[in-house]
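A.B. asks: There's a structure below that I have some questions on.
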Amino acid sequence: MAVRRLTVDVPDRGETSATPSSEEAASTEPPVHPAALIEKARAVRRHVIRMIGHVGSGHPGGSLSATDILVALYFAVLQHNPRDPHWPDRDRFILSKGHAAPALYAVLAEAGYFPVDELSTLRQWGSRLQGHTDVNRTPGVEMSAGSLGQGLSFSIGMALAARLDRSGYHIYTLLGDGECDEGQVWEAAMAASHFHLDNLTAIVDRNQLQLDGWTSRIMDLEPLADKWRAFGWHVLEVDGHNLARLLDAFRQAKGVSGRPAVIIARTIKGKGVSFMENNVDFHGRAPSRDELDKALRELA
Amino acid sequence: MAVRRLTVDVPDRGETSATPSSEEAASTEPPVHPAALIEKARAVRRHVIRMIGHVGSGHPGGSLSATDILVALYFAVLQHNPRDPHWPDRDRFILSKGHAAPALYAVLAEAGYFPVDELSTLRQWGSRLQGHTDVNRTPGVEMSAGSLGQGLSFSIGMALAARLDRSGYHIYTLLGDGECDEGQVWEAAMAASHFHLDNLTAIVDRNQLQLDGWTSRIMDLEPLADKWRAFGWHVLEVDGHNLARLLDAFRQAKGVSGRPAVIIARTIKGKGVSFMENNVDFHGRAPSRDELDKALRELA
Amino acid sequence: MAQTASIREAYGRTLVELGKRDPNIVVLDADLSKSTMTRYFAEQFPDRFFDCGLGEQNMVGIAAGLAASGKIPFASTFAVFVPGRTFDQLRMSVAQPGLNVKIVCTHGGISVGEDGASHHSIEDLGLACSLPGFSVVVPADAAETAQAVMVAASTPGPFYIRLCRPASDVVHPAECRFQLGVAELLRQGDDVTIIATGLMVPAALEAAAALAGEGVAGRVLNMSTLKPLDREAVAGAAAETGAIVTAEEHLLHGGLGSLVAQAVAETHPVPMAMVAIKDTYAKSASAGELFRHYGLTSTDIAQAVRSVLQRKAPRGR
Amino acid sequence: MAQTASIREAYGRTLVELGKRDPNIVVLDADLSKSTMTRYFAEQFPDRFFDCGLGEQNMVGIAAGLAASGKIPFASTFAVFVPGRTFDQLRMSVAQPGLNVKIVCTHGGISVGEDGASHHSIEDLGLACSLPGFSVVVPADAAETAQAVMVAASTPGPFYIRLCRPASDVVHPAECRFQLGVAELLRQGDDVTIIATGLMVPAALEAAAALAGEGVAGRVLNMSTLKPLDREAVAGAAAETGAIVTAEEHLLHGGLGSLVAQAVAETHPVPMAMVAIKDTYAKSASAGELFRHYGLTSTDIAQAVRSVLQRKAPRGR
Ligand SMILES: Cc1ncc(C[n+]2csc(CCOP(=O)(O)OP(=O)(O)O)c2C)c(N)n1
Ligand SMILES: Cc1ncc(C[n+]2csc(CCOP(=O)(O)OP(=O)(O)O)c2C)c(N)n1
Ligand SMILES: [Mg+2]
Ligand SMILES: [Mg+2]
């Protein structure tokens, strides 16, 4: 029933033919499914930019920084079944940084949870694709989010339930780095290790930017790895745009026993669109018509 | 105008004549004002037990564990003036663990903020001594508390104000160890170091017990020192019942520059009353008539 | 003298009952299991009990995750910490997804007493009623508590149940049945209706008895469900008795008085008086003293009835 | 066509004005200074601006500590995060001590639009009014915003001011003066009173104009202060016009409608209808579409007026 690795059987929508971007191609270790995953990520980025550009609002920066993480998860890590979103034994993915919804929607559509065409309805009246994730409206979405800091607690609940039910599924939770300012994240971090939840992996999208600017200037998080370690977590640090390294980190994280693991994924906000990269202006603003065209050319 | 060290000119209320308890007397390093401070602490403990026993409710355990810390602060560390509680240049003490109000009231009364006789009005209609601290009712109290986790944020506000006003006063904040479960404490910890507040010293009353039991069992805090360090604080660890060591720690903490300091004070909940020590039952229950007599005999 | 029984005790015992019947029942607390009485469940079912320490926000999120995984979580602490400390978590993680989370808080109101303002929960009902999809219940005694907790367990969707600290007067015969969303008629009368909730129900009955001696026939409704409100019972009371007094251990704002006033204004406007805590925080003292000082006694209810009767339109004749 | 002006812009500019006049003004934000417009202040007075990152609870506590030290802190973020994320901090650290903290939140209501339910603040006014000692203000346009912020700065005690995201219609002549706690009569009329707040004020005026064509003389009150409520104006409206319609960008529960219903029931009961968001969360769409779908347009107000007029008692003759 479960579809384990969807990577290879993804439908070619005629959008996956370009060569990988230089940074990704330069990766020293070859990714597990290099071409397919990299192409998938490129397609997702195009969707993200189009969706946001089309409706005229949304959060491109944090969607693009998270894209490779999401692609790695949905096409090479998670055990899930797009034809049966409620399959009880599926791995769970919780998007705590709910404003990256466009990237999640694009990945879900590419994975087959709903038609890719539906992506263009983002944020419009009647759409199943709300501005921030809504568990009751979108197939494949596991949690409603948008108010930051709440996803890890929710994930603990799922992890405890899995343990009670003796189910083997794993819970993955994606947090923003700015989101780690929230006290609730540390309440949850403390509890997850106290409860010895080794069926839980958190990923921090460490793009160094929050809404008002650089995290180092607005609210310094460093030493971030030490923080998680002091809260009892196994810490992995990885290039969040290197799919091979990401897959490796996910493998290692799942192998940790007796405590949860966190992957601090070093990313670039706006990754893949030159003028959005490291540009805080594109945290929460849509590209203009011209910018959209330019971005799509870069991602062609 | 300021009264710097009140230790020596404390009024003898006929309660300070007993010999120090064995634990305290066994301290290898002599306290700075050994007799006076130790006697003061003993008197405060007697007040605490009497007040709570009299009204029949309150929190003896966490009041007794915090007593030596409070005595050290009010009789040897803080620059303050009981005759002028609002003296602008006073050092500030914030009791974040508001349920230790009885210990604070006893210390304030002993320091001269209000008559010692008033202590017997605790928690009764019309009293200035509310069940948890109320800044608008009790002379010398700097913050209303009782909902845990809020004092450190408040202290940051005071520390920022001191910096804006170029005032040299120092802010001291006492937290419970269970209180450190609260996310807001870590929001504040992160911000205090981000703002480089070296005019702020936190003290954690590390008595290893919270309400439901041992912190290690309910919500493990260890490695606690690493947590504070990873959040950018200078960490000192000390025997929280050794007045000499406490004074030394306060001196060191004040000397730290560029970031805040935290003193993790190893304490015993219920300290000074044999049957209350390490006994979680006395977190929030008053002694019976018999228990009260027994406790007072031990503290005589 | 009225018999009393502990509402909290009833809660703790009912949880154990539920735990025996249904392995999906799980219980959470935030370092107050000895006060909320979830400790009974913890002792019997340690694997299904999760103490979250002093992390109320985290507790609510964990409960949501458990509910999303098919469990039926009961999460407890003092009413002053949930919903107040966790409103956004209840909104985002529970109410918006409509998850099957049961929040049962003890130590509601000012009957908490000596702990003082920091521990007096006088706004929790207003907050809980601000959560679309929640059912909000305030049982009046131990028997009703046990039944309401059972109903919550078997009714899908989020609940907020507010309990009080002190043992309370028994108002219900053992055979009576709590019905969600239905006002309970405790005393018939045609001159005025007293609508009360929680600890104010016995006070309302006392007031009605006293007023009977003055020739005033007061109807008494136990409005144990605040949400969904029994608007029919309210409209009926307005139409049939022409005057309404509400009584609650809560701020005037956002609680029973405000819900009833809205229903009355939209259906059948009549004069109302509201017995509630005026816009202030209470001090430390015994529960009884606080009820006297903040105007929550049967005498205050009777007085409110007399004042509202003076404003009542003469019966159509 | 109505002129529009940005309420948020007015807030940001006013803060700078205040900052120039009084060195004790300090400003805090929680990683949203570009949206709340506190960034203008941050640029001019970097030493008096504190960005707390995504730590709303901590921000409120810091503001309280600053206020206790003689500063006049303005703390801003989206209305959905304060008071919802920080209710207990507002209660314990601000309201109970009565500190001089000014909370000014932008992005109130559902006019936030496309961001969806997680960002729609439909309960903030109910929560803020549950804080004894707070003044609660919802300005109707940019001019009133500037004045209300000035008044808050010079009036001791805690304030919650709710602003909206979109630019809004200008309803006030520049020379008009905001008065705390005083309802503003925008249109005279004797058949019914429409009491509105925030973005619903221009809609109320539009509805009244439309109703005039049907021979209905509608009075319009701008109730920009929700707390303390101008009970005299409400009682007067009830007595003089015999029917009231309230209009607000908020849940039916806990906001303007519930405050007015209580005041009416306690003074002069008359039929009421309430234009507000029913017990539900809204979806993603443009502000205009949401107002239509959730019943917050001038057409909805006019319809409510017509329905309440049918229930109105015939004038004493
Ligand atoms: C509790 C809460 N506070 C504030 C916001 C507004 N907000 C949305 S995104 C954002 C910045 C988040 O930064 P980060 O977590 O680093 O996200 P990313 O860089 O991945 O986009 C803020 C402040 C929010 N959504 N939730
Ligand atoms: C926010 C909040 N949650 C719960 C409580 C109830 N409570 C009072 S004291 C306490 C335990 C505190 O433990 P700790 O901080 O270790 O205090 P201490 O051992 O020093 O008494 C709890 C849970 C509270 N006062 N505030
Ligand atoms: Mg970021
Ligand atoms: Mg402790």
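Quick note: the coordinates plus some simple rules give every number you see, no bench work behind them. What you are looking at is a predicted structure, and each value in this text was computed from that prediction instead of being measured. For neighbour counting, all protein chains shown are included, and Cβ atoms are generated from backbone atoms with ideal geometry for every residue, glycine included.
A.B. asks: Where nothing but the Cβ of Lys and Arg (+1) and of Asp and Glu (-1) is charged, how large is the charge dipole of chain D around its Cα centre, in debye to the nearest 20?
C.D. replies: 360
A.B. asks: Right, another one. Can you compute the helix-only [θ] at 222 nm over chain A? Use -39500 (n - 2.57) per DSSP H run of at least 4 residues, normalise by all residues, nearest 500 deg cm²/dmol.
C.D. replies: Calculated from helices alone, the mean residue ellipticity at 222 nm is -11000 deg cm²/dmol.
A.B. asks: Take every residue in peptide C:27-35, count the Cβ atoms of other chains within 10 Å of its Cβ, and give the average of those counts.
C.D. replies: That works out to 5 on average.
A.B. asks: Tell me, what is a quarter of the convex hull surface for the C-alpha atoms of region D:121-241, in nm² with one decimal?
C.D. replies: The Cα convex hull of region D:121-241, projected and averaged over all directions, gives 7.8 nm².
A.B. asks: With just the Cα atoms of region C:184-309, tell me how far they stretch along each of the three principal axes, in Å, largest first.
C.D. replies: 41, 33, 23
A.B. asks: In whole angstrom, and with the biggest value first, how far do the Cα coordinates of region B:140-212 range along each principal axis?
C.D. replies: Principal extents (Cα only, largest first): 43, 29, 18 Å.
A.B. asks: Right, something else. HN-Hα J couplings of region B:240-256 from phi, Karplus 6.51/-1.76/1.60, θ = phi - 60°, integer Hz, Gly and Pro as x?
C.D. replies: x, 10, 9, 4, 5, 5, 4, 4, 4, 4, 4, 4, 4, 4, 5, x, 5
A.B. asks: How big is the protein assembly as shown by the Kirkwood estimate over distinct Cα pairs, in Å?
C.D. replies: 31.1
A.B. asks: Now for a different question. Between D:Leu54 and residues 5 or more places away or on another chain, which pairs have amide H atoms under 5 Å apart, with H built 1.01 Å from N, and which residues are they?
C.D. replies: A:Asp181
A.B. asks: If you don't mind, another one. Taking a 30 Å limit on the Cα-Cα distance, which of the listed pairs A:Lys97/C:Lys71; D:Lys34/D:Lys102; B:Lys227/D:Lys71; A:Lys227/B:Lys269; B:Lys254/D:Lys34 fall beyond it?
C.D. replies: B:Lys227/D:Lys71; B:Lys254/D:Lys34
A.B. asks: Could you let me know the centre-to-centre spacing of region D:6-66 and region A:246-287, using Cα atoms, in angstrom?
C.D. replies: 30
A.B. asks: Under 10 Å, Cα contacts only: if you run a Gaussian network model on chain D, which one of D:Ala146, D:Ala287, D:Ala212 comes out with the highest mean-square fluctuation?
C.D. replies: Looking only at D:Ala146, D:Ala287, D:Ala212, the largest GNM fluctuation is found for D:Ala212.
A.B. asks: Find how many whole Å separate the alpha carbon centroid of region B:93-115 from the alpha carbon centroid of region C:160-224.
C.D. replies: 43
A.B. asks: Then there's this: Rg (Å, one decimal) plus Dmax (Å, integer) for the alpha carbons of chain A?
C.D. replies: When restricted to the Cα atoms of chain A, Rg and Dmax are 17.6, 53 Å.
A.B. asks: Once phi is turned into ³J(HN,Hα) by the Karplus curve 6.51 cos²θ - 1.76 cosθ + 1.60 with θ = phi - 60°, what whole-Hz value does each residue of region A:265-278 show in order, with x for glycine and proline?
C.D. replies: Residue by residue, region A:265-278 yields 9, 6, 10, 10, 5, x, 2, x, 10, 3, 7, 9, 5, 6 Hz.
A.B. asks: At what distance in angstrom do the alpha carbon centres of region A:118-153 and region D:291-312 lie from each other?
C.D. replies: Going from one Cα centre to the other spans 32 Å.
A.B. asks: Sorted from fewest to most neighbouring beta carbons within 10 Å, what does the list C:Lys34, A:Lys269, B:Lys97 look like?
C.D. replies: Taking fewest neighbouring Cβ atoms as first place, the list is C:Lys34, A:Lys269, B:Lys97.
A.B. asks: Report ³J(HN,Hα) in whole Hz for each residue of region A:119-135, in order, from the Karplus equation J = 6.51 cos²θ - 1.76 cosθ + 1.60 where θ = phi - 60°; Gly and Pro get x.
C.D. replies: 4, 6, 8, 2, 6, 9, 3, x, 6, 7, 9, 6, x, 10, 4, 10, 4
A.B. asks: May I pose another question? Hey, which lysines would be in cross-link range of D:Lys278, C-alpha to C-alpha under 20 Å, not counting anything within fewer than 8 residues on its own chain?
C.D. replies: C:Lys227
A.B. asks: With springs only between Cα atoms under 10 Å apart, run a GNM on chain B and tell me which of B:Trp125, B:Trp233, B:Trp214 wobbles the most.
C.D. replies: B:Trp125
A.B. asks: Further question: At a threshold of 8 angstrom on Cα-Cα distance, excluding pairs fewer than six apart, so keeping six or more, what relative contact order does region C:184-309 reach in percent?
C.D. replies: Relative contact order of region C:184-309: 29 percent.
A.B. asks: Given +1 on the Cβ of Lys and Arg, -1 on the Cβ of Asp and Glu, and no further charges, what dipole in debye does region D:76-161 carry about its Cα centre, rounded to the nearest 20?
C.D. replies: Approximately 340 debye in magnitude.
A.B. asks: According to the Kirkwood expression over distinct Cα-Cα pairs, how big is the hydrodynamic radius of chain C, in Å?
C.D. replies: This gives a value of 19.5 Å.
A.B. asks: In a Gaussian network model over chain C where Cα atoms closer than 10 Å are linked, find which of C:Ser168, C:Ser154, C:Ser121 has the largest mean-square fluctuation.
C.D. replies: C:Ser154
A.B. asks: Defining a contact as two alpha carbons under 8 Å apart and six or more residues distant in sequence, what relative contact order in percent does chain C show?
C.D. replies: Answer for chain C is 17 percent.
A.B. asks: Could you work out how far helix C:298-311 tilts from the main Cα principal axis of chain C, as a 0 to 90 degree angle to the nearest 10?
C.D. replies: Tilt relative to chain C: about 50 degrees.
A.B. asks: Which Rg and Dmax, in Å, describe the Cα atoms of region D:4-169?
C.D. replies: When restricted to Cα atoms, region D:4-169 yields Rg and Dmax of 14.0, 40 Å.
A.B. asks: Normalised by the residues of chain A, what does the relative contact order come to in percent, with Cα pairs under 8 Å and at least six apart?
C.D. replies: Relative contact order of chain A: 23 percent.
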